[in-house]
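A.B. asks: Handing you this structure, nothing more for now.
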Amino acid sequence: MPVRPCLACGALTRKGSYCPAHRGTGARGSTWQWRRVREVVLARDRACVLCGSTQDLEVHHLVPKWQGGTDSLDNLEARCHLHHERGGT
């Protein structure tokens, strides 16, 4: 398994995207609830809603969490990495 930096603190980890100190703590993407919601969105959309790509899919919040958006399915859609990174288009 490859070594990668923890998304929360940068510590190196071999298991998942979070080190043991941040796994399951509510850090972005660390909870089983978010992972399940993510699976549902990706299965529902199956491809980037903007370009149809099926590679490097990520889940995008239409209304960002910092603006009061939620993790409800109607606020989420699948986007390829390029469109997710661009934010809008």
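Bear in mind these aren't lab numbers, they're just calculated from the coordinates by the rules spelled out. The model shown is predicted, which means the values in this text are computed figures rather than measured ones. Neighbour counts are summed over all protein chains in view; Cβ atoms, including those assigned to glycine, are modelled from backbone coordinates with ideal geometry.
A.B. asks: Three principal axis extents, largest first, for the C-alpha atoms of the chain, in Å?
C.D. replies: 35, 28, 22
A.B. asks: Quick check: the distance between the Cα centres of the stretch 29-61 and the stretch 62-82, to the nearest angstrom?
C.D. replies: Computed from Cα coordinates, the inter-centre distance equals 10 Å.
A.B. asks: What nm value, rounded to one decimal, do you get for the distance between residue 74 and residue 54 when each label is placed 7 Å out toward the C-beta?
C.D. replies: In this crude spin-label approximation the distance works out to 3.0 nm.
A.B. asks: Can you tell me how much longer the chain between residue 85 and residue 66 gets when fully stretched, taken as 0.36 nm per residue apart minus their C-alpha distance, in nm with one decimal?
C.D. replies: Contour length minus Cα-Cα distance gives 5.2 nm.
A.B. asks: OK, next. Could you derive backbone 3J(HN,Hα) for the stretch 69-81 from the dihedral phi with the Karplus parameters 6.51, -1.76 and 1.60 (θ = phi - 60°), listing whole Hz in sequence and x where the residue is Gly or Pro?
C.D. replies: Per residue, the Karplus-derived 3J(HN,Hα) values read x, 10, 8, 6, 4, 6, 9, 10, 8, 7, 9, 5, 4 Hz.
A.B. asks: OK, next. When ranked by the protection proxy of mean other Cβ atoms within 10 Å per residue, highest first, what sequence do the peptides 55-61, 78-84, 38-44 form?
C.D. replies: Details: 55-61: 16.4, 78-84: 19.0, 38-44: 14.0.
Highest-to-lowest ranking by the protection proxy: 78-84, 55-61, 38-44.
A.B. asks: Hey, what did the chain get for relative contact order, percent, Cα under 8 Å, at least 6 apart?
C.D. replies: Numbers: 118 pairs, mean separation 17.5, N = 89.
Across the chain, relative contact order equals 20 percent.
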